[in-house]
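**Q** There's a structure below that I have some questions on.
All of the numbers you see were taken from the coordinates with simple rules; none came from a lab. Being a predicted model, the structure only gives us computed values, none of them experimental.
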Amino acid sequence: MPELTDEQLRDQQSFYDTGWRSELERGREQRGNHQANLDFLARTKLLKPDDKILEIGCGIGTVVYELTKQGYDVTGTDISRVAIEYGRTKYANTRLEVQPAEGLTYPDSAFDVVLSFDLFEHIARIDRHVSEVQRVLKPGGHYLFQTPNKLSSAISETLAHKSLKWRRAHPSLHTPGQLRRRLTRQGFDVRFVKMDQRDEYTLAKLQRLGPLASLVNRIDFAKLPLALQINLYVIARKRKEGNHGMVE
């Protein structure tokens, strides 16, 4: 597996290797609601049989595995060596590689679709990541991803941790407006999909907030504005022409 030369990325790799090792030792393989993510992909109807697909931040590769079973040509990447090594053992027929989200090794315009789930908020140098996604996507290709809504997540994480320590792992939470502006600067057209937030994973996570969790279960999120969504599901289409923003 390649060694990272960027000190910040090495620190990030060590941080997530430690986290994954701890989780796997406790028997916890998943860090997100994979069924909700697959439902989102199905709802977009944007995955085509001949597409080349990249999932960035794939963890142990569960979504890659599920899409591979459906016949798609999918590659998964994650900065964590621990997660990728585990995934290669668990899902023998998947293509999983250790790569940082901010520095992919693939050539320009290599993929029709790029995916990420519960990744965007973890990346400190987020414009570098978006620029890499823009680079490896074909013109007209799509970046389909999910990330927590800053407007709700910052409050819930602060209450749950009783501090701001959560910002170490979530340096790039965005509001819907912030996401739209950042992606637009980098050459994307953006739209959002409202998904049902009342799933088992989200409710279990919200149990830390006590009575508030039961309130969430009674909310029809499809009728709420984007600002009140717990998670943001994004369809970002790379423009076929036009400039994109500078990388920070």
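**Q** Using only Cα atoms, what Kirkwood radius does the stretch 76-123 have, in angstroms? Spell out each step's value before the answer.
**A** Working: mean 1/r = 0.0835 Å⁻¹.
It works out to 12.0 Å.
**Q** Follow-up. Give me a comma-separated list of calculated 3J(HN,Hα) values for the stretch 189-194, in order, Karplus coefficients 6.51, -1.76, 1.60 applied at θ = phi - 60°, integers in Hz, x for any Gly or Pro.
**A** After applying 6.51 cos²θ - 1.76 cosθ + 1.60, I find 9, 10, 9, 10, 10, 8 Hz.
**Q** Can you flag which of Lys69/Lys90; Lys90/Lys138; Lys138/Lys238; Lys48/Lys90; Lys48/Lys238 are past 19 Å Cα-Cα?
**A** On the way: Lys69/Lys90 14 Å; Lys90/Lys138 31 Å; Lys138/Lys238 8 Å; Lys48/Lys90 26 Å; Lys48/Lys238 17 Å.
Distance filter (> 19 Å) returns Lys90/Lys138; Lys48/Lys90.
**Q** What's the extension gain from Ala124 to Gln8 if we count 0.36 nm per residue and subtract their Cα-Cα distance?
**A** Working: separation 116, 0.36 × 116 = 41.76 nm, distance 0.95 nm.
Difference between extended and current length: 40.8 nm.
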